[in-house]
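Shown next, in structure tokens, is the structure this report addresses.
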There are 2 protein chains.
Amino acid sequence: MDPIVIVGGDAAGMSAASKFKRERPERDVVVFEKGEYVSYAACGMPYYIKGSVEEFDDLLQVSPKEFIEERDIDLRLHHEVVGIDTDAYEVTVESPAGTNTQSYGQLLIATGARAIEPPFDGMDLDGVHTLHSLDSAKTVHDAMETESPESVAVVGGGYVGIEMAEAFDEHDVDVHLFEMLPHVLAPFGETVGEKVETHLRDEGVSLHLETAVDGFVGDDSGHVSGLVAGDTTYDVDLVLVGVGVAPNAELAGEAGIELGETGAIATDEFGRTSAPGVFAAGDCAEARNVVTGDPDYVPLALTANRAGRAIGQTMAGDETPVGDIAGTAAVKAFDLEVARTGIIDEEEAREAGFDPVSVTISAPSRAHYYPGAQKLHITMLGDTETNRVLGASIVGREGVAKRIDTVAAALHTETTVQELSYFDLSYAPPFSPTWDPVLTTAKVLAGKLD
Amino acid sequence: MDPIVIVGGDAAGMSAASKFKRERPERDVVVFEKGEYVSYAACGMPYYIKGSVEEFDDLLQVSPKEFIEERDIDLRLHHEVVGIDTDAYEVTVESPAGTNTQSYGQLLIATGARAIEPPFDGMDLDGVHTLHSLDSAKTVHDAMETESPESVAVVGGGYVGIEMAEAFDEHDVDVHLFEMLPHVLAPFGETVGEKVETHLRDEGVSLHLETAVDGFVGDDSGHVSGLVAGDTTYDVDLVLVGVGVAPNAELAGEAGIELGETGAIATDEFGRTSAPGVFAAGDCAEARNVVTGDPDYVPLALTANRAGRAIGQTMAGDETPVGDIAGTAAVKAFDLEVARTGIIDEEEAREAGFDPVSVTISAPSRAHYYPGAQKLHITMLGDTETNRVLGASIVGREGVAKRIDTVAAALHTETTVQELSYFDLSYAPPFSPTWDPVLTTAKVLAGKLD
């Protein structure tokens, strides 16, 4: 019987391999990984560069050795799959040993995503980095020590940009953050963006909003020395470009497997692609948005992990849906916590067929009289037709990330705003006001929906 | 038209009064409060005694003046309702001015609960306290300063007992905690109880479990000097008895209004009692448990607030359910946070007609490599027949209270364990592992339900 073949050895791939082997230990699982790391903590890279994660090895969750010896997975590092023949159930693999083919019974494409490299002048200068792999994290980490930069530019105000601004700031360098849009963290909405911007400035970050970067200039040695934006050149000696990621969907596309409108691999609720016996999961694949019911592309770690696990189970014979996504995300920005879930943007909600109403309220994180209470700002969207909760964002100094989870739960269960406002949530003075801020927001929003 | 009459000026009563007046400003609302405080933060009393809430007035949320002048509520302090004539739609009220009657159009009984005073010998000695009112909190607070006790006994290991042990410990006195049952915080389950016990001992509290208190002995001046439990007398010079509360349901009972099996006032989903036009809410009333669908008595602040508000709306003509309760609760115990929701006890689940399975797992509060990650211990119950989530408890040093809210949301929406395990919850290394511990627990429990 042909083995299960998995392309890519990170979160989705190794979750699937591990789950499959637990269910069907007698079957062979071959994982091809083109690099040398598997199952690594990509989200920890900014904290490694910041210095709060001390050891590089701490980012490696499970070693190749453990996968091979303890989990009995045929993991092959430095093996790149360069072609898929979906008729012949066969992949072509390049490795140091040459080019070979491998038959598969079922195939999982888990090729991940890559950092977008915009066509800036000077992208190839020394000192201009993206954060696309553990190796690149190590390069930036080491550069902070060996090159001792004085002024660092971060291009992109998404979550990687925000986390990297904090990471660089820890090294006592001047930090410039460039964002093309009017606000940082656009997917988190304007309230969050503005609060984060004020806080970044308070922390000494030089913010350049609505500023398109044209490129970089270098010194005689070919090392970056400046960032050019319009008529201005900023002196910088290290650059981190973090303007988003693109799915590694070319391998699937060239094999004739259907891609979605987002450019990622189209999948059904079990992670199946258009080709028989071929699945896709993780940062290369679409998933279904629980609010809209439509395909969406939100490449985040949990989505990859659980889809991989579910597909491992399905391939083992126990059909398991990969689960819908709510676009739930959280980011730390210095002393602020921000989080989001569902649809926050009214325009986006209208495009999805909803008639949205939103409110933004402020409420304390603890009882007002309890020491250390912090102000939370919550925006929540509801649909006037169905009264459903559509999404929310929260920003504040504590108790943000896990508060958004209650709203995420409401999205998964198609809860109305009124119902949410009557959930029996926890209260004790050190942890919450009597009405949790999520309840208060739902209560106010329900008043607008009545 | 006869006014709306409300008996009791705390959370439920004043929430109802305020909501009704917002909806129907032209109608009269009379609130009779037998004491001098309204709308006070009873849950803050331990923190006032501890010293973390500095001003007594911080516990007063809205002043009588504000209710009267700004919200136009006819609030009468020092007025005690001593009888209800449900046929005549009339209450009898005693006040410094004498005894009078007052007709009502609709009536809300919001008489709250009182601290249980067990029949211990010596309950009336000086220095033996319960925490039944703001006045009693002030008495204990002042006694810590004027009497400078050296050894304090807390009788009862429920949440008030735990919070008071922490409060007393802050004053550098010897603290003895007595609990009849094998574990403290029984409604939170054994895992929570054991972790809290270890932590209390680490903090220097002398724990006396499975120890029935017989009473107290006093010195010549009539002040408590010892606590007697079996053959042992412990030297103590201040005692706080916190063994639970009982609903103030006598007024309703004597008026022929139906009480439930719990002893609290029976209500329907709109807070209506068995008497026409008479509602009950807060610590004197039952509410419906969202897991069992049966009447339950869990006197907590949020339940009182939201039921009061809903009844205010219903009395104003807009029928609004008071909302079901999940028994969600959170407590701080020194540096530990504990929380619960739903049914945690397997025996209790079986009595409610379920066939429960439970798991207890440990998982970190943050990514394993992120500094400060704390171990959380989560117990979750599921029903083998319906696969529904039945309840959960969590104990740990951070991120506990608001994590239980996700499970509470699952209870309100009758979510299955499998569905919960696929909720898209927030992840970022400072706030959670990739799979939030709630997801991991649900995943493991789902494995046992399959």
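The values are calculated or read from the model by the stated rules, or taken from the named source; none is laboratory data. Remember, predicted model here, so these are calculated numbers, not experimental data. Backbone-built Cβ (ideal geometry, glycine too); neighbour counts: all protein chains shown. Ligands, DNA and RNA are excluded from the accessible area calculation, which covers all protein heavy atoms including side chains. Shrake-Rupley method; radii C 1.70, N 1.55, O 1.52, S 1.80 Å.
A few comments on the model shown:
- Looking only at the stretch A:10-33, and only at residues there that are more than 24 Å from A:Phe56 (Cβ to Cβ) and among the acidic types (Asp, Glu), the one that is most open to solvent (accessible area, probe 1.4 Å): A:Glu26
- Scanning the stretch A:14-41 for residues that are of a type outside the set (A, V, I, L, M) and in contact with a Phe, Trp or Tyr (Cβ under 9 Å, 6 or more places away or on another chain) returns A:Ser18, A:Arg27, A:Ser39.
- Taken over the stretch A:304-319, residues that are at positive phi and buried (at least 24 other Cβ atoms within 10 Å of the Cβ) amount to 0.
- Condition broken by A:Ala339, with the remaining ones in (1) outside any helix (DSSP H, G or I); (2) open to solvent by 20 Å² or more (accessible area, probe 1.4 Å); (3) in contact with a strand residue (DSSP E or B) (Cβ under 7 Å, 6 or more places away or on another chain); (4) in contact (Cβ under 8 Å) with a residue 60 or more places away in the chain satisfied: (2)
- Test: residue in the stretch A:358-381 that is more than 10 Å from every other protein chain (Cβ to nearest Cβ), over 30 Å from B:Tyr40 (Cα atoms) and over 26 Å from the mean Cα position of the chain (by Cα): no
- Among the conditions (1) open to solvent by 10 Å² or more (accessible area, probe 1.4 Å); (2) closer than 22 Å to A:Thr341 by Cβ; (3) in contact with a His (Cβ under 9 Å, 6 or more places away or on another chain), A:Ser206 misses just one, which is (2).
- Residue match in the stretch A:325-334 (condition: modelled with pLDDT of 95 or more, under 25 Å from A:Arg24 (Cβ atoms) and within 13 Å of another protein chain (Cβ to nearest Cβ)): no
- Of the residues making up the stretch A:419-439, those that are of a type in the set (A, V, I, L, M) and facing chain B (nearest Cβ under 7 Å) are A:Leu425, A:Ala428.
- The number of residues in the stretch B:132-157 that are open to solvent by 30 Å² or more (accessible area, probe 1.4 Å) and in a loop (DSSP other than H, G, I, E, B) comes to 4.
- Note on the stretch B:42-79: residues that are in contact (Cβ under 8 Å) with a residue 24 or more places away in the chain, part of a helix (DSSP H, G or I) and away from every other protein chain (no Cβ under 11 Å) total 3.
- Evaluating A:Ala352 against the criteria (1) of a type in the set (A, V, I, L, M, F, W, C); (2) open to solvent by 30 Å² or more (accessible area, probe 1.4 Å); (3) within 12 Å of chain B (Cβ to nearest Cβ) leaves one unmet condition, (3).
- Search result, residues across the stretch B:387-424 that are among the small types (Gly, Ala, Ser) and either in contact (Cβ under 8 Å) with a residue 60 or more places away in the chain or touching a Gly at 6+ places or on another chain (Cβ under 9 Å) (or both): B:Gly391, B:Ala392, B:Ser393, B:Gly396, B:Gly399, B:Ala401, B:Ala408, B:Ala410, B:Ser421
- Odd one out for A:Ala330, checked against (1) closer than 16 Å to A:Lys195 by Cα; (2) of a type outside the set (Ser, Thr, Tyr); (3) surrounded by fewer than 24 Cβ atoms within 10 Å (Cβ to Cβ): (3)
- Complete set of residues in the stretch A:376-391 that are in contact with a helix residue (DSSP H, G or I) (Cβ under 7 Å, 6 or more places away or on another chain) and open to solvent by 10 Å² or more (accessible area, probe 1.4 Å): A:His377, A:Thr379, A:Thr384, A:Asn387
- Count - residues of the stretch B:392-418 that are facing chain A (nearest Cβ under 8 Å), open to solvent by less than 10 Å² (accessible area, probe 1.4 Å) and either over 22 Å from the mean Cα position of the chain (by Cα) or at pLDDT below 95 (or both): 1
- Filtered by the rule that a residue be open to solvent by 30 Å² or more (accessible area, probe 1.4 Å) and polar (S, T, N, Q), the stretch B:90-107 gives B:Thr92, B:Thr99, B:Asn100, B:Thr101, B:Gln102, B:Ser103, B:Gln106.
- Residue selected from the stretch A:286-303 under the condition open to solvent by 10 Å² or more (accessible area, probe 1.4 Å) and aliphatic (A, V, I, L, M), by the criterion nearest to the other protein chains (Cβ to nearest Cβ): A:Ala301
- When the test is whether a residue is in a loop (DSSP other than H, G, I, E, B), open to solvent by 50 Å² or more (accessible area, probe 1.4 Å) and assigned by TED's automatic domain parsing to the domain that holds B:Val160, B:Asp87 does not pass it.
- Tallying residues that are farther than 27 Å from B:Arg24 by Cα and out of contact with any Ser or Thr (no Cβ under 9 Å at 6 or more places or on another chain) within the stretch B:58-99 yields 7.
- Criterion violated by A:Val322 - all others in (1) crowded, with 24+ Cβ neighbours inside 10 Å; (2) within 13 Å of chain B (Cβ to nearest Cβ); (3) touching a residue at least 60 places away in the same chain (Cβ under 8 Å) satisfied: (3)
- Considering (1) within 18 Å of B:Gly399 (Cα to Cα); (2) basic (Lys, Arg); (3) within 13 Å of chain B (Cβ to nearest Cβ), the lone condition that A:Lys443 does not fulfil carries the number (1).
- Top-ranked residue in the stretch A:1-33 [being hydrophobic (A, V, I, L, M, F, W, C) and either under 30 Å from A:Glu170 (Cβ atoms) or in a loop (DSSP other than H, G, I, E, B) (or both); ranked as modelled with the lowest pLDDT]: A:Met1
- B:Glu36 exposed (fewer than 15 other Cβ atoms within 10 Å of the Cβ), assigned to a loop (DSSP other than H, G, I, E, B), at pLDDT below 95 and more than 14 Å from every other protein chain (Cβ to nearest Cβ): yes
- A:Ala367 vs. criteria over 23 Å from B:Val417 (Cα atoms), open to solvent by less than 10 Å² (accessible area, probe 1.4 Å) and not assigned by TED's automatic domain parsing to the domain that holds A:Glu197: yes
- Single match in A:His129, A:His171 (criterion: open to solvent by 10 Å² or more (accessible area, probe 1.4 Å), in contact with a helix residue (DSSP H, G or I) (Cβ under 6 Å, 6 or more places away or on another chain) and part of a loop (DSSP other than H, G, I, E, B)): A:His171
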